[in-house]
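Down below is the structure, laid out as structure tokens.
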Amino acid sequence: MARRKYDVPSERVRLDGYQRMPIVDEREQKFWNWYLDNRKNRKAFPLAKALIIAALHGEMGVQVQQAMEAGDTEKAQEALDDLLGTFLS
């Protein structure tokens, strides 16, 4: 017997980008290592989606939420750097 189809169809989501090599930033290298370890076992997308959702809901800070909603990637990067600086200090 065939599997019952979902009422609402799924939609493919793609987040494409390029990573400049060689990586000299330690933070970017940590991301790259995580990505290489998880890209085949399907953990990368759910985690990335959860991080984006958290940023949009202000769970990572109000400045990050405002920058994400405005689509201002430079401002979002600055807000994330400020947030990380708080925890790393």
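Quick notes
- The Tyr6 and Phe31 beta-carbon pair, evaluated with R₀ = 25 Å, returns a calculated FRET efficiency of approximately 0.15.
- Reachable lysines from Lys40, criterion Cα separation under 20 angstrom, eight or more residues apart if same chain: Lys30, Lys49
- Which of Leu51, Leu80, Leu15 has the fewest Cβ neighbours within 10 Å, and the rest in rising order: Leu15, Leu51, Leu80
- Sorted by Cβ density within 10 Å, fewest first, the residues Ile53, Ile23: Ile53, Ile23
- Given [x] 2, 14, 24, 27, 20, 10, 3, 0, 0; [y] 3, 11, 14, 19, 21, 16, 6, 4, 3, 2, 1, 0; [z] 3, 18, 30, 27, 17, 4, 0, the label whose value is P(r) over Cα pairs in 5 Å bins from 0, in percent derived from this model: [y]
- Among Arg12, Arg42, Arg27, the largest mean-square fluctuation in a Gaussian network model of the chain (Cα springs under 10 Å) belongs to Arg12.
- Residue among Gln65, Ala79, Ile53 farthest towards the positive dipole end of the range 42-88, charges placed on Cβ: Ile53
- The simple Förster model, with R0 at 22 Å and r as the Cβ-Cβ distance, assigns Met21 and Lys75 a FRET efficiency of 0.25.
- For the chain, calculated [θ]222 nm from helices alone, where every DSSP H run of n ≥ 4 adds -39500 (n - 2.57): -18000 deg cm²/dmol
- Relative contact order (%) - the chain, alpha-carbon pairs under 8 angstrom, separation at least six: 12
FYI, it's all coordinate maths here, none of it is from the lab. Since this is a predicted model, take the numbers as computed values, not measurements. Please note: Cβ atoms are built from the backbone with ideal geometry, for glycine as well, and neighbour counts cover all protein chains shown.
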